[in-house]
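Scroll down for the structure; my scribbles are underneath it.
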Amino acid sequence: MARVYNFAAGPSMMPLEVLQKIQAELVDFNGQGMSVMEMSHRSPAYDDIINETEQTLRRIMNIPDDYEVLFLQGGASMQFSMLAMNLANRGQKTNYVLTGQFATKAYEEGARWSDAVAIASSKDKNFSYIPKITPDMIDKDAAYLHITGNNTIYGTTYNEIPKTDRVPLVCDLSSVILGKEFDVSRFAMIYAGAQKNMGPAGLTVVIIRKDMIKDALDPIVPTMLDYKVMAKNRSMYNTPPTFGIYVAGLVYKWVEAQGGVKALEKTNTEKAALLYNAIEESKLFSCPTNIADRSIMNIPFVLENEALTAEFLQLAKSRGLVNLKGHRSVGGCRASIYNAMPIEGVKALVTCMQDFEAGVR
Ligand SMILES: *Cc1c(COP(=O)(O)O)cnc(C)c1O
């Protein structure tokens with residue numbers, strides 16, 4: 001069966017080279033006579049895998065030495081709770097910017113633990129833009145400001161990282177990590193689920209400045225949700241998602257082989273420009289997001305009505321362009337074009353849109 005161009009928001013497309021490498025190593029990893037998924041996380045062979053995965057991520061993201069890299073479970077959604085319980089004392093003030101559904105969920109979880117204040121929101125226009133954040137909007141005594149770096153559902157992104165003065169900045173980068181360059185030192189903590197740009201679901205990466213990790217938390221916080229415990233045990237306090245970490249390591253090496261995040265950002269910017277230009281030139285398709293805040297990873301676009309949308313999705317599917325249906329809260333279509341989506345996939349989508357507009361059904 002031929003592989004399709006998969007525009008899903010996540011889990012999403014993986015680089016074919018990585019899948020083939022996994023296939024080649026699946027039953028016998030590196031002469032061990034067993035698969036990585038059969039391997040003890042306490043074995044020297046696995047220790048090499050997790051070390052190498054961490055070191056490769058440190059290289060490709062240029063992560064400073066005073067940051068810990070943690071490989072955790074529970075998805076990005078678990079971090080909504082975990083970060084609040086670790087970075088804020090119970091009832092302490094925290095700040096959030098509401099730029100979409102995940103940002104709102106992060107805020108709601110934060111509010112269960114802390115005195116969470118939504119300092120800005122773009123809900124008034126169905127999250128189609130990023131509100132401007134200036135330092136005077138941020139509470140000086142907030143334990144942190146939480147932002148969602150790229151809003152997967154709505155297709156918006158912070159093209160400028162807000163200045164927070166001394167308030168630590170915490171950022172959910174799930175759908176843009178490794179898709180463009182970030183200066184890690186601007187953030188107190190970054191987290192991301194792997195299933196968008198780093199590998200299979202089941203792994204969440206946390207990058208946290210060491211001075212943000214507290215020696216002792218409120219005793220009500222479960223041991224499994226304590227960053228210090230996870231850091232001290234190099235993410236192996238319990239059995240980590242061993243296979244996911246191995247695959248993420250292969251993806252990181254693939255990123256490096258592509259010329260690193262800088263090179264991928266250049267290609268991603270070209271891919272996004274192709275699609276945005278096609279939408280702008282079209283009379284049939286339009287993009288609901290504010291131009292200055294558009295994401296290069298997730299691109300929503302809408303047609304006049306649902307019947308036309310369904311016809312377009314049908315044509316796209318017949319050409320091997322799948323999972324283009326938009327999230328129900330935006331409607332229409334959405335193309336998620338992460339690192340693993342080749343430019344040929346975007347070109348095929350643009351051609352399909354042009355053909356559809358010319359009357360092809
Ligand atoms: C997908 C996504 C999440 C949720 O991730 P899970 O791993 O399913 O918990 C959170 N935030 C953003 C920005 C996402 O794109």
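The values are calculated or read from the model by the stated rules, or taken from the named source; none is laboratory data. Nothing here was measured: the structure is a model prediction, and the numbers come from that model. Cβ: placed from backbone, ideal geometry, glycine included. Neighbour counts: every protein chain shown. These accessible areas exclude ligands, DNA and RNA; they are computed on the full protein's heavy atoms, side chains included. Shrake-Rupley method; radii C 1.70, N 1.55, O 1.52, S 1.80 Å.
Go through region 207-238 and give me each residue that's closer than 11 Å to residue 86 by Cβ and among the acidic types (Asp, Glu).
218, 226
Cβ-Cβ distance below 7 Å, separation of 6 or more or different chains: which pairs start in region 186-215 with a residue that is polar (S, T, N, Q) and end on one that is more than 12 Å from the ligand (Cβ to nearest atom)?
That search, which allows pairs on different chains as well, returns 197/178; 197/339.
Filter region 266-299 down to the residues that are among the acidic types (Asp, Glu) and surrounded by fewer than 17 Cβ atoms within 10 Å (Cβ to Cβ) and list them by number.
Answer for region 266-299, where residues must be among the acidic types (Asp, Glu) and surrounded by fewer than 17 Cβ atoms within 10 Å (Cβ to Cβ): 270, 280, 281.
Looking only at region 280-292, decide whether some residue is assigned to a helix (DSSP H, G or I), under 26 Å from residue 53 (Cβ atoms) and modelled with pLDDT of 95 or more.
The answer is no, given that none of the residues of region 280-292 is assigned to a helix (DSSP H, G or I), under 26 Å from residue 53 (Cβ atoms) and modelled with pLDDT of 95 or more.
If you take the residues of region 330-340 that are in contact with a helix residue (DSSP H, G or I) (Cβ under 7 Å, 6 or more places away or on another chain) and part of a loop (DSSP other than H, G, I, E, B), which of them is farthest from residue 267 (Cα to Cα)?
Across region 330-340, the extreme among qualifying residues is 332.
On the given criteria, is residue 204 within 16 Å of the ligand (Cβ to nearest atom), in contact with a Leu (Cβ under 6 Å, 6 or more places away or on another chain) and either among the aliphatic types (A, V, I, L, M) or closer than 21 Å to residue 152 by Cα (or both)?
Criteria met by residue 204.
It is to be established whether one or more residues within region 135-158 are polar (S, T, N, Q) and surrounded by fewer than 22 Cβ atoms within 10 Å (Cβ to Cβ).
Within region 135-158 (the criterion being polar (S, T, N, Q) and surrounded by fewer than 22 Cβ atoms within 10 Å (Cβ to Cβ)), the answer is no, since none of the residues qualifies.
Name, by its number, the condition in (1) closer than 26 Å to residue 139 by Cα; (2) touching a residue at least 24 places away in the same chain (Cβ under 8 Å); (3) open to solvent by 10 Å² or more (accessible area, probe 1.4 Å); (4) aliphatic (A, V, I, L, M) that does not hold for residue 82.
(3)
Give me the helices (runs of 4 or more DSSP H) completely within region 38-154, filtered to those with at least 3 residues that are under 29 Å from residue 25 (Cα atoms) and over 19 Å from the mean Cα position of the chain (by Cα), ordered by residue number.
44-61
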